[in-house]
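*Asks:* Following this message is one structure expressed as structure tokens.
Read-outs: derived from the displayed coordinates by stated rules, not from any lab. Computed from a prediction, not measured in an experiment: that's the story for all the values here. Note that we place each Cβ from the backbone using ideal geometry, even for glycine, and neighbour counts take in every protein chain shown.
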Amino acid sequence: MIRTGVYPGSFDPVTLGHIDIIRRAAHLVDRLVIGVTTNASKTPMFTLDERLAMVRREVESICATLTVECEIDVVSFDSLLMHFAEREGASIIIRGLRAVADFEYEYQMAGMNQQLNDDIETVFLMADVSLQPIASRLVKEIAIYGGDIAPFVTPGVAADVRDRVNRQKR
Ligand code: ADP
């Protein structure tokens with residue numbers, strides 16, 4: 001049986017924290033489906049298509065360095081997370097956990113998802129200690145104020161973010 005996991009998020013933009021979770025999740029499943037949300041409640045810096053392209057590009061480099069066999073697909077979804085997971089035939093939903101701030105929300109969401117379908121388990125991966133403070137929102141804020149985002153994202157993503165910030169300033 002092929003074990004599939006879904007890793008959902010808005011990835012606006014994808015950070016080194018996300019990439020670490022993707023790499024580690026790839027060791028837990030045979031097929032990892034990264035679900036990029038349209039997320040109407042947030043005004044994203046990057047469109048859905050841009051985020052999909054960005055995550056796909058980063059996944060290519062991750063796959064090149066993996067020591068395990070894992071298929072990684074990057075798709076968008078606009079539905080309830082549990083319906084997306086069911087549609088993909090997933091047995092686990094993967095979430096990254098940063099400090100206590102993430103905990104309450106994630107705990108509640110995992111509880112409700114369990115009630116929706118208790119065959120699909122939410123699995124939390126603790127953020128790597130060195131990547132713990134990284135959040136997409138802060139990366140965008142730092143870039144908007146001209147700070148250096150190189151420690152938080154890949155060089156490709158850093159260039160994309162700087163580009164977007166410069167274009168928005170014009
Ligand atoms: P959301 O829009 O759901 O907050 P994000 O794109 O911010 O999604 O994050 C997607 C997932 O990645 C979430 O589970 C989040 O906790 C996790 N994540 C975000 N940043 C990090 C990080 N620095 N380290 C580990 N996990 C992270």
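*Asks:* With +1 assigned to the C-beta of every Lys and Arg and -1 to the C-beta of every Asp and Glu, and no other charges, what is the dipole magnitude of the chain about the Cα centre in debye, to the nearest 20?
*Replies:* Dipole of the chain, to the nearest 20 debye: 720 debye.
*Asks:* Additional query: So if we plug the beta-carbon distance of Ser130 and Ile2 into 1/(1 + (r/R0)^6) with R0 = 25 Å, what FRET efficiency do we get, rounded to 0.05?
*Replies:* Efficiency at R0 = 25 Å is approximately 0.15.
*Asks:* Here's something else I'd like to know. Which shape class applies to the range 47-86: rounded if a/c is under 1.5, otherwise prolate when a/b exceeds b/c and oblate if not, where a ≥ b ≥ c are the square roots of the Cα gyration tensor eigenvalues?
*Replies:* The shape class here is oblate.
*Asks:* Using a Gaussian network model of the chain whose springs link C-alpha atoms within less than 10 Å, name the residue from Gly35, Gly96, Gly146 with the highest mean-square fluctuation.
*Replies:* Among Gly35, Gly96, Gly146, the largest mean-square fluctuation in the Gaussian network model of the chain belongs to Gly146.
*Asks:* Oh, and also: Explain nothing, just compute: Karplus ³J(HN,Hα) = 6.51 cos²θ - 1.76 cosθ + 1.60, θ = phi - 60°, for every residue of the range 42-47 in order, whole Hz, x for Gly and Pro.
*Replies:* With the stated coefficients, the range 42-47 comes to 10, 9, x, 6, 10, 5 Hz.
*Asks:* Just to confirm my numbers, what's the Cα centroid distance between the range 130-163 and the range 88-119 in Å?
*Replies:* That distance is 26 Å.
*Asks:* Here's something else I'd like to know. Over the range 80-159, what relative contact order in percent results from Cα pairs under 8 Å that are six or more residues apart?
*Replies:* Answer for the range 80-159 is 29 percent.
*Asks:* Step through the residues of the range 67-76 one at a time and calculate ³J(HN,Hα) from phi using the Karplus curve (6.51 cos²θ - 1.76 cosθ + 1.60, θ = phi - 60°), rounding each to whole Hz and writing x for Gly and Pro.
*Replies:* The phi angles translate into 9, 10, 7, 7, 8, 10, 10, 10, 9, 9 Hz.
*Asks:* Also, I was wondering about something else. Whole-Hz ³J(HN,Hα) for each residue in the range 79-92, computed from phi via Karplus 6.51 cos²θ - 1.76 cosθ + 1.60 with θ = phi - 60°, x for glycine and proline: what do you get?
*Replies:* 10, 4, 3, 5, 5, 4, 4, 5, 4, 7, x, 7, 9, 9
*Asks:* Compute the Cα gyration tensor for the range 18-104, then decide on rounded, prolate or oblate, letting a ≥ b ≥ c be the square roots of its eigenvalues: rounded whenever a/c is under 1.5, prolate when a/b is larger than b/c in the other cases, and oblate in all that remain.
*Replies:* Since a/c stays below 1.5, the shape of the range 18-104 is classed as rounded.
*Asks:* Which of rounded, prolate or oblate describes the range 119-167 when judged by the alpha-carbon gyration tensor and an a/c cut-off of 1.5?
*Replies:* Prolate is the answer for the range 119-167, as a/c is 1.5 or above and a/b outweighs b/c.
*Asks:* Work from the charge dipole of the chain (Cβ charges, +1 for Lys and Arg, -1 for Asp and Glu, about the Cα centre) and give the residue of Ile19, Ala101, Met54 farthest towards its positive end.
*Replies:* Result: Met54.
*Asks:* What percent do you get for the relative contact order of the range 4-130 when only Cα pairs under 8 Å and 6+ apart count?
*Replies:* Values: 182 pairs, mean separation 40.0, N = 127.
After rounding, I find 32 percent.
*Asks:* What nm distance separates the two modelled labels at Glu50 and Asn166, each placed 7 Å from Cα along Cα→Cβ?
*Replies:* Output for this residue pair reads 1.4 nm.
*Asks:* State, to one decimal in nm, how far the label point of Gln108 lies from the label point of His27, with both points 7 Å from Cα in the Cβ direction.
*Replies:* According to this spin-label approximation, the distance is 3.3 nm.
*Asks:* Looking at the chain as a GNM with Cα springs under 10 Å, which of Met112, Met82, Met54 has the largest mean-square fluctuation?
*Replies:* Met112
*Asks:* Once amide H atoms are built 1.01 Å from N in the peptide plane, which residues 5 or more positions from Val123, or in another chain, come under 5 Å H to H?
*Replies:* Counting only residues 5 or more places away or on other chains, the set is Ile93, Ile94, Arg95.
*Asks:* Right, here's the next one. Using a 10 angstrom cutoff on alpha carbons, build the Gaussian network for the chain and name the most mobile of Val157, Val129, Val33.
*Replies:* Val129
*Asks:* Another one. Working out 0.36 nm times the residue gap between Leu97 and Asp118, then minus their Cα-Cα distance, what length gain in nm do you get to one decimal?
*Replies:* Net length gain for the segment: 5.5 nm.
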